[in-house]
Structures are given as C-alpha cells and as structure tokens.
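Peer 1: Structure incoming, see below.
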Amino acid sequence: MNKVVANVKEACEGLESGMTIMLGGFGLCGIPENCIAQMVNLGINDLTCISNNAGVDDFGLGFLLQGRQIKKMISSYVGENDEFERQMLSGELDVELIPQGTLAERCRATGAGIPAFYTPAGFGTEVAEGKETREFNGKMYVLEKAFEPDFAIVKAWKGDTQGNLIYKGTARNFNPMMASAGKITIAEVEELVAPGQLDPNQIHTPGIFVQRIFQGEKYEKRIEQRTVRIKG
Amino acid sequence: MNKVVANVKEACEGLESGMTIMLGGFGLCGIPENCIAQMVNLGINDLTCISNNAGVDDFGLGFLLQGRQIKKMISSYVGENDEFERQMLSGELDVELIPQGTLAERCRATGAGIPAFYTPAGFGTEVAEGKETREFNGKMYVLEKAFEPDFAIVKAWKGDTQGNLIYKGTARNFNPMMASAGKITIAEVEELVAPGQLDPNQIHTPGIFVQRIFQGEKYEKRIEQRTVRIKG
Amino acid sequence: MALDKKGIAKRIAQELRDGWYVNLGIGIPTLIANYIPQGIEVEFQSENGILGMGPFPYDGEEDADLINAGKQTITALPGAVYFDSALSFAMIRGQHVQLTVLGAMEVSENGDIANWKIPGRMVKGMGGAMDLVASAENIIVAMMHTNKKGESKLLPNCTLPLTGVSCIKKVVTNLAVLDVLPEGGFKLIERAPGVSVDEIIAATSGKLLIEGEIPEMVIEE
Amino acid sequence: MALDKKGIAKRIAQELRDGWYVNLGIGIPTLIANYIPQGIEVEFQSENGILGMGPFPYDGEEDADLINAGKQTITALPGAVYFDSALSFAMIRGQHVQLTVLGAMEVSENGDIANWKIPGRMVKGMGGAMDLVASAENIIVAMMHTNKKGESKLLPNCTLPLTGVSCIKKVVTNLAVLDVLPEGGFKLIERAPGVSVDEIIAATSGKLLIEGEIPEMVIEE
C-alpha cells in the first residue's frame, strides 16, 4: 500500500482553482509549508481554504493571500495579517469565522461519516444564526455539519510509505482530523521511513486516511511569537 | 496532580448498587480484570453495564452475571455466555443491543460534550425504532445520544501517576472513549510509572480524564479464541 | 457443481483491487484473505482496532492483546496500526474502507440485508454489522444460495429483522454471482461451474434478471 | 487603589483549587500562572493541544513545534501530554477543565459575555472562546472595570455581539470581585484595596447588589 509520491509537484496534482482545501496547522505551527509553496507555484485561485488561521503576511497561508488565490477563508482566528485585513475589509475576501472547537469537530465529523452533531458553542450568538438549535437535558445546543473538502493537506513529523503519520508536540493540532477528512489527503513529512519503522501502537493518523505522502524538501518552521526567559 | 490510589479497593470506592458503569474491553481483550473482581467482592447489584461484550461464563463480566449483579447490559454483541443467555431468555436480564460503531461514538460523545449526533448505522432497522431520523445529502441517518454513566472503568498497559494512559495492541478498543466518559474514571494499569516516563507525544488518554489510577495486582489476560498456525 | 465455502471465498477474492482496504466478516469472508490474487496488495481492517492484520501467530507466540473482530489471536504486518473503536468506525462510516464482505441470512431484491437476529432464538447482537452495511459503498454478501431447509435466501423482501436497507450491491453464493440493481432485482452475472441457469432460477425467490448467455465462474483449484 | 493587571491576576489566582485543570485566556489571564498559591497543584490546558504547560523556554531552547494558544513558545512539564484539537475541545466541552479564565469587553448582569467582535472594526475571530464559555461550569472574567472611555464594562445588557449567553459566574476587575447571580445582577463580593463602594457603584452600570460590609481584597505584594 505504497502512498509515496516523488515530490511536492506530484503530491499536488489535481489541485485546481475553485476547490475547497483543508490545511492543517495552528498559527504557523504544523503547517504544510511545501504544499503551500507549490499552491503558489500552481497559481490556482478562487480557493476556499479551511484552516484554523490564515498565516502571517509573509508566511504560511499569507503567501496565497498575497497572490489573491483565496476566495474564502473558513477559520477560527485570523489576526496577525495585514493583507488579510485589507482584503477582508475591501470585500475581496469572504471570511467565515467558526468557533475553534466546532471547527475541529466538524473536521472530525467529515472524516468519521457523521453528517451533523450538536455543540453548545455559539448558542445565542451570531454563529448560531440560521442554524437549528435544540435543548438536551436543559441546555441549548447548535446543530453543526460536516465539511465537504476536495483535498486535505497535512504536515506530520514522521510518516511511513503506507501513509501512517506521527506528529510532534503541539504541531499535531488540526492535522489528524483534517487528514481523515479529505477526499484526497496529501501528507508532507519531515522524515519518511519504511513500514515497520514506526511503532504500530503510536501512530496518530493511520495510513488508510492518506492517499499521497512525501518528505518535504525543507522546513523553515517559523516561530510566530518567540517568548523566552533569561537564564539566571 | 497525583491520581494514584493504594489498591483496587480504594479505586472502587463509591461504586454502588443501581449505578450505570462503563467497562472497557473487546471480548476479553483489554478488560479491567481487577476492578471486575472487586465489583464481585463488593456485592453491589442492579447495575447497568455499558460494555461492548458481556464476557464469557467464567471470566470478565461473566463473573458479575453469575452473581446476578447486572440488571441491564448495553452492548453490541453478547454471545459466548450461557448464563447470559439463560438470564436474558428468562427475562431476569434486560439487554439493549447497539451497533458497535454507534456504541463507540456514543461513548466518545459523552466525554466530548456532544449531546447527540447523526449516524447512518441502523437506519431502517429496529435499532432506529422510536428514534429521530433525518436526511443529509440524500442519505438517511439516525439521531443517537450520549450516555450518562456514573463510573467508567478502563484497563491500560502503562500509566503514570497523573493518570496518563497508554494501551497496547488491540486492547485499546473502547477504553479511550470510556475513559473520557466517566463522571469518575478509574484506570487500572499493568505498569504504573512516574510523570515524565511516558513520551508526551504518545499518550492515548490524557490524565485529565482519569480520577483514580492503580497498578493491578495480577493480569490473567485470558485468550478467548486461541488460533495458531503450525510452523513448517 | 455448486461451490463450497472456499470456492465462494476464491470467487470473491477476484473482486479485490490493488490498494483497497477491506473489512472481512466472520465465516466465509474470513477465508478470502487466503486467496488474494497475485500482484495486488490489499490491507485488512478489523473493526476492533487494527489495520494491517497478518496471519495467525505460531503456536506459543499468541498475544492476548492482539486479536481480530472474531476474537481470534492474530499477528500484525510491518506498517500495521492499532487504534480505538471510535477511530475504527470513523474509518468505516467515513467510507475509508473500500470493500466490506459479510455473511447474511437473507438478502432482498432491493438490497436489504438481514443477518443478525432470528425472532424466538437467542440474539447475540449486531456487533459492527449495522455500521458496516450502512456505510460501505461497496458491500459483497457471501452466503449459501439457500438455507438448511432448501429455501431461497435471495428474496423479494427480507422476512427477518433487517441489518440494513438498500445497501447490498453484490451477492456471491455457492451457485452464482449476482448484482443487486439500483432499481431492484438480482441480475445474474455468473454461474458456478456446472450449475445451470435453471438451477439458479429454482433457488432464487426474489426477482431474477437474466440477460443473454451467463458465463461460468473461473475458479482456480 | 485600583489593581493593576498583575493585581487582578493575583486575586484570581486565589480562586484556584488543588487538582484543577485550568485554561487561561490571552492577556491578564496568562499572568495568573505566575501566582499559583503555595501548596496547591494545578495543571494548565492550552486549547491548541497541551496539558502540563511549563514556563517559557530559555533563550535558544525554543521549539517551533511547542507553542501555546497565544502562539508563544513554551516548555512542557514532566507528565505533559500533547493531543489534537478535537480531543482538546472534547476536554473543554466535556467539562473536564475545572476553570476557565478569560478577558472580556462587556459582561451583562445575566452573565452574557462579549469579547470577540466590535462592529466596524477588523474582526479577528473568536478562536476557542465560544467553546470555552459555552462549556465551562466555572468561568471567571478578568478585565478592567471600565473601558478606555471610562464607560462601565458591567452592563444591564451587552451592546456588542455576544460570545456566550448566561455563562459568566464571576468577574474580577481592577476595582472589585463580583459574582453574577443566577437570577441576574452583579453581587459585590470584595473591593480592591482602598477602592470605595461608591467608586464601584459609579463604575458599574449593570444591576449591582451590595449586602452588608464589603471586605477589601487581600493581595500580597
């Protein structure tokens, strides 16, 4: 069950303008850097991107915003990005804001064959406008639905040729649920190993969810908010 | 955040007749052997047990059935147990059968604050009788709800004093979702270690879900269907 | 001559495609793993929580923590993965498993299946069967064409409590391969070696569609 | 004298109880981690996927794969766990986190909170705030009592788009500690050192309940 593709170019074959694409990561942590660069190269546009954040001006999804390749962002938080703000305020960019837990659960539901579920998040707020609400055990909930992405693109730490993935630290974030949600899921990894090299007890994303895998050429792994304490 | 209790007796304090209790395991694989033995010792009865299976005559939940401690079983499959069959056919035991995936998802929903979700499993069958059904994208689904267990009892391979758990092989099964679902969750482990001994990347059940943990005195780990091939 | 259980498994194995993830039910379906066609690679999912199931262990090498959905001791192949029951059924409901093969007591001409309960008898439960049939895009039923009393198991309507509705696309029996048509009806695709169309007609009580010459299955010994 | 941000954090830290899992929002709440009372142990959950957050790393030891919900580089304590966003919000929605502390632009006397959007200004999003306030049994708002224009942030009704309804139980400001009563209204519990009840009355536009002598907060320097 070899899922390996030769390179990022081959991995991104079939990505087209107008598609809905999920991209893993939280802030700049655990984002598929190589595939984002390739999406810039491909010059595809009118994209709907589902990703918790929208990158910064000169990194992550910011690259796609610079090229006005994104038509709509579906995110929970989109600060830290001047170009994003400009396009949003000018109306060039459509933005749908979703509570972070609802976003995560909707991604999971997509992969898990759950068409809809109830969550308390957003009840009584504008997030619930136009949505069905309902009481269970005296508390109010909002009905939320699965997504329908064409592709999901995730970044893992290690992966094997069968598509099994392990993430590192908080770079895991949205990647596992999104990996399960793509009609086609592309995984880029820092280190690609042979089957059997990863402990079968310790796989975060089983290869069944992954259609294409490759080792990224280079990872900058930029830090958004470097905070340190002084030794002393 | 020390969750360690001295022994199985202390771990099972507060378990009472009439309670609803979730128990991890699939068949006899990954079942909380020590806590089940203690439940026999406690002599509590009128229990509602949520567990994928009901053990065999002389192991697992079969012990509780022998003592007629269980009033109702909520399971997906209950074969391999003569005493179970006798009590069920005589009407002494109430049995609610639930599709296995729905059982797993309802356990997860319980722990995850999702009061209800839609699943395709059981639509058009007697499992859907009396339940709300609904169409999404041309397919029919059944509304299923979270459980309300008093205790959840799980078995893990390794755990640390903070309640972080790692399962082994297919002994994982229902344990992680049930661990998240108990008002009080008791974890029995084969090996109890200090914080920091388990890789933080590789914890299956974060300690936040576990209220009590102890190292089981002895594990028989009985095999239900020993199947082998002959070397040659 | 009608197929035996091995023959049914061999015929269904011909339906496997390279790269598929497959869930095999208990009974005849389990045998399919022994007949994977050369040159294709498939991976078996067992709904209790493993992908990449290997053969049974050698005597003395059984691991109580490593079983399949039939509770049999198994081994894991390189690249195998263990996971919890929620993720396992996420794979199934989310249609990540390309083929499900399971047994049945009855199949109706509109694709309903009954395979979990006989009124009046001890009910053991549906296990994962209802999730599997409600979710899989591609389900093959492996069963004998008739029951022990000689009555057809391919019916106009199921008489037993259902496991799922309008979900079965293909049935392979000891007598025939049949497609269940979207508009209803069993379309005869192949006959077992030496079995006549008349024998299949006689053994099928649901609507049977026969077009042109019906070829014999080709099953290697 | 009214409290500064550190003072608000110190006062809220007194609400921590041994064995609690706590989620701290960005801003004043983050400071609380510096003032955990002696003899109690709490563990911090950051909704991007870590339990057991430690202090910031030493210069040169930052790890791009290890950040908190504010996207700051952090460290992990022994016994820490990393997890995905779905499990993280399972912890939050499932009420496994005992205390949430977050900032607000407005709180109403019936416990509504507004903290994510100002019409006409760039909206950055609610992040995890809506999940947190809709789920936590125990939520404390940490904020200044009035806004930059000197207007009360404790109101009869919120004027800004809501983050959650009837969810806030306690508010700690630079002037006071107030409980939000189930039947509505802010009940004054404590005054900041040197702040008079009249000052609090003047700064509170929502319904304020004052019973008996209102003690001063005890805040260690």
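Peer 1: Sort through B:L42, B:L28, B:L93 and tell me the only one that's surrounded by fewer than 23 Cβ atoms within 10 Å (Cβ to Cβ) and out of contact with any helix residue (DSSP H, G or I) (no Cβ under 8 Å at 6 or more places or on another chain).
Peer 2: Details: B:L28 fails: surrounded by fewer than 23 Cβ atoms within 10 Å (Cβ to Cβ); B:L93 fails: out of contact with any helix residue (DSSP H, G or I) (no Cβ under 8 Å at 6 or more places or on another chain).
Selected residue: B:L42, the only one of B:L42, B:L28, B:L93 that is surrounded by fewer than 23 Cβ atoms within 10 Å (Cβ to Cβ) and out of contact with any helix residue (DSSP H, G or I) (no Cβ under 8 Å at 6 or more places or on another chain).
Peer 1: Report, by residue number, each residue of segment C:200-221 that is at pLDDT below 95 and either surrounded by 14 or more Cβ atoms within 10 Å (Cβ to Cβ) or within 21 Å of C:S152 (Cβ to Cβ) (or both).
Peer 2: C:I219
Peer 1: C:A192 passes all but one of (1) surrounded by 23 or more Cβ atoms within 10 Å (Cβ to Cβ); (2) within 15 Å of the chain's Cα centre (by Cα); (3) closer than 19 Å to C:L209 by Cα; (4) of a type outside the set (K, R); which number fails?
Peer 2: Every listed condition holds for C:A192 apart from (2).
Peer 1: Still on this structure, please answer the following. Could you grab me the full set of residues in segment A:30-80 that are under 17 Å from A:K218 (Cα atoms), aromatic (F, W, Y) and within 14 Å of chain D (Cβ to nearest Cβ)?
Peer 2: Hit for segment A:30-80 is A:F59, nothing else.
Peer 1: Here's something else I'd like to know. What strands (runs of 3 or more DSSP E), lying completely within segment C:63-158, carry at least 3 residues that are in contact (Cβ under 8 Å) with a residue 12 or more places away in the chain and more than 12 Å from chain A (Cβ to nearest Cβ)?
Peer 2: Numbers: elements: C:76-82, C:99-102, C:106-108, C:139-142.
Where strands (runs of 3 or more DSSP E) fall fully within segment C:63-158 and carry at least 3 residues being in contact (Cβ under 8 Å) with a residue 12 or more places away in the chain and more than 12 Å from chain A (Cβ to nearest Cβ), they are C:99-102, C:106-108, C:139-142.
Peer 1: Right, next: Of the residues A:M39, A:M22, which single one is within 30 Å of C:Q98 (Cα to Cα) and in a strand (DSSP E or B)?
Peer 2: After ruling out the rest, the residue left standing is A:M22.
Peer 1: Test B:N45 against the criterion of being at pLDDT 95 or above, of a type outside the set (G, A, S), under 15 Å from the mean Cα position of the chain (by Cα) and on the phi < 0 side of the Ramachandran plot, and give yes or no.
Peer 2: no
Peer 1: Considering each residue of segment B:166-186, count those that are assigned to a strand (DSSP E or B) and within 16 Å of B:E33 (Cβ to Cβ), and give that number. I'd like the intermediate steps shown before the answer.
Peer 2: First, pick out the residues of segment B:166-186 that are assigned to a strand (DSSP E or B): B:166, B:184-186.
Checking which are within 16 Å of B:E33 (Cβ to Cβ) leaves us with B:186.
Looking only at that region, the number is 1.
Peer 1: Has segment D:6-22 got at least one residue that is outside any loop (DSSP other than H, G, I, E, B) and either of a type in the set (S, T, N, Q) or at positive phi (or both)?
Peer 2: Start the filter on segment D:6-22 by keeping residues that are outside any loop (DSSP other than H, G, I, E, B), which leaves D:6-13, D:21-22.
Still in the running and either of a type in the set (S, T, N, Q) or at positive phi (or both): none.
No, because not a single residue in segment D:6-22 is outside any loop (DSSP other than H, G, I, E, B) and either of a type in the set (S, T, N, Q) or at positive phi (or both).
Peer 1: Could you figure out which of (1) within 7 Å of another protein chain (Cβ to nearest Cβ); (2) over 18 Å from the mean Cα position of the chain (by Cα); (3) not hydrophobic (A, V, I, L, M, F, W, C) isn't true of D:E43?
Peer 2: Against the list (1) within 7 Å of another protein chain (Cβ to nearest Cβ); (2) over 18 Å from the mean Cα position of the chain (by Cα); (3) not hydrophobic (A, V, I, L, M, F, W, C), D:E43 comes up short only on (2).
Peer 1: Let me ask something else. For segment A:159-168, does any single residue satisfy the condition of being of a type in the set (D, E, K, R), over 30 Å from D:V123 (Cβ atoms) and away from chain C (no Cβ under 14 Å)? Please lay out each step first, then the result.
Peer 2: First pass over segment A:159-168, keeping only residues of a type in the set (D, E, K, R): A:160, A:168.
Then drop every residue that is not over 30 Å from D:V123 (Cβ atoms), which leaves A:160, A:168.
Narrowing the set further to residues that are away from chain C (no Cβ under 14 Å) leaves A:168.
Within segment A:159-168, one or more residues are of a type in the set (D, E, K, R), over 30 Å from D:V123 (Cβ atoms) and away from chain C (no Cβ under 14 Å).
Peer 1: If I ask for residues that are in contact (Cβ under 8 Å) with a residue 60 or more places away in the chain, farther than 20 Å from D:K6 by Cβ and part of a strand (DSSP E or B), which ones from segment D:159-196 would you list?
Peer 2: Hits for segment D:159-196 are D:V180, D:F186.
Peer 1: Sticking with this structure for a sec: Select from segment A:199-220 the residues that are among the hydroxyl-bearing types (S, T, Y) and buried (at least 19 other Cβ atoms within 10 Å of the Cβ) and list them in ascending order.
Peer 2: Result: A:T205, single match.
Peer 1: Let me ask something else about it. Give the residues of segment A:54-87 that are closer than 23 Å to D:E47 by Cβ, touching a strand residue (DSSP E or B) at 6+ places or on another chain (Cβ under 6 Å) and not small (G, A, S), sorted by residue number.
Peer 2: The answer is A:M73, A:I74, A:E80, A:N81.
Peer 1: Please state which of the following conditions C:L3 fails to meet, knowing it meets all the rest: (1) in a loop (DSSP other than H, G, I, E, B); (2) out of contact with any helix residue (DSSP H, G or I) (no Cβ under 6 Å at 6 or more places or on another chain); (3) within 14 Å of another protein chain (Cβ to nearest Cβ); (4) not basic (K, R).
Peer 2: Among (1) in a loop (DSSP other than H, G, I, E, B); (2) out of contact with any helix residue (DSSP H, G or I) (no Cβ under 6 Å at 6 or more places or on another chain); (3) within 14 Å of another protein chain (Cβ to nearest Cβ); (4) not basic (K, R), the lone unmet condition for C:L3 is (3).
Peer 1: Would you pick out the residues in segment A:96-113 that are within 14 Å of chain C (Cβ to nearest Cβ) and either surrounded by fewer than 24 Cβ atoms within 10 Å (Cβ to Cβ) or basic (K, R) (or both)?
Peer 2: Within segment A:96-113, A:R106, A:R108 meet the criteria.
Peer 1: For residues that are free of Cβ contacts under 8 Å to residues at least 60 places away in the same chain and hydrophobic (A, V, I, L, M, F, W, C), scanning just segment B:51-73, find the one that is surrounded by the fewest Cβ atoms within 10 Å (Cβ to Cβ).
Peer 2: Result: B:F63.
Peer 1: For A:E190, only one of the following conditions fails: (1) within 12 Å of chain C (Cβ to nearest Cβ); (2) in contact with a Phe, Trp or Tyr (Cβ under 6 Å, 6 or more places away or on another chain); (3) not in a loop (DSSP other than H, G, I, E, B). What is its number?
Peer 2: Single failed check for A:E190: (1).
Peer 1: Got a number for residues in segment A:114-129 being touching a helix residue (DSSP H, G or I) at 6+ places or on another chain (Cβ under 8 Å) and either more than 7 Å from every other protein chain (Cβ to nearest Cβ) or in contact (Cβ under 8 Å) with a residue 24 or more places away in the chain (or both)? Step through it out loud before you land on a result.
Peer 2: Taking segment A:114-129 first, the residues touching a helix residue (DSSP H, G or I) at 6+ places or on another chain (Cβ under 8 Å) are A:114-117, A:119-123, A:125, A:127.
From what's left, either more than 7 Å from every other protein chain (Cβ to nearest Cβ) or in contact (Cβ under 8 Å) with a residue 24 or more places away in the chain (or both): A:114-117, A:119, A:127.
Qualifying residue count for the region: 6.
Peer 1: Hey, could you check segment D:197-217 for residues that are of a type in the set (A, V, I, L, M, F, W, C) and closer than 21 Å to D:K5 by Cβ and say which is nearest to the chain's Cα centre (by Cα)?
Peer 2: D:M217
Peer 1: Assess whether C:N34 counts as being out of contact with any Phe, Trp or Tyr (no Cβ under 6 Å at 6 or more places or on another chain) and crowded, with 20+ Cβ neighbours inside 10 Å. Break it down into steps so the answer makes sense when it comes.
Peer 2: Values: out of contact with any Phe, Trp or Tyr (no Cβ under 6 Å at 6 or more places or on another chain): yes; crowded, with 20+ Cβ neighbours inside 10 Å: no.
So C:N34 does not fit the description; no.
Peer 1: Can you pull out every residue in segment A:1-18 that is surrounded by 16 or more Cβ atoms within 10 Å (Cβ to Cβ) and under 18 Å from the mean Cα position of the chain (by Cα)?
Peer 2: A:V8, A:A11, A:C12, A:L15
Peer 1: Turning to a different aspect of this structure: Out of segment A:193-221, which residues are more than 7 Å from every other protein chain (Cβ to nearest Cβ), in a loop (DSSP other than H, G, I, E, B) and more than 15 Å from A:K168 (Cβ to Cβ)?
Peer 2: Of everything in segment A:193-221, those that are more than 7 Å from every other protein chain (Cβ to nearest Cβ), in a loop (DSSP other than H, G, I, E, B) and more than 15 Å from A:K168 (Cβ to Cβ) turn out to be A:A194, A:Q197, A:V210, A:Q211, A:E217, A:K218, A:E220.
The values are calculated or read from the model by the stated rules, or taken from the named source; none is laboratory data. A quick note: this is a predicted structure, and the numbers were derived from the prediction, not measured. As a convention, Cβ positions derive from the backbone with ideal geometry for all residues, glycine included, and neighbour counts pool all protein chains shown.
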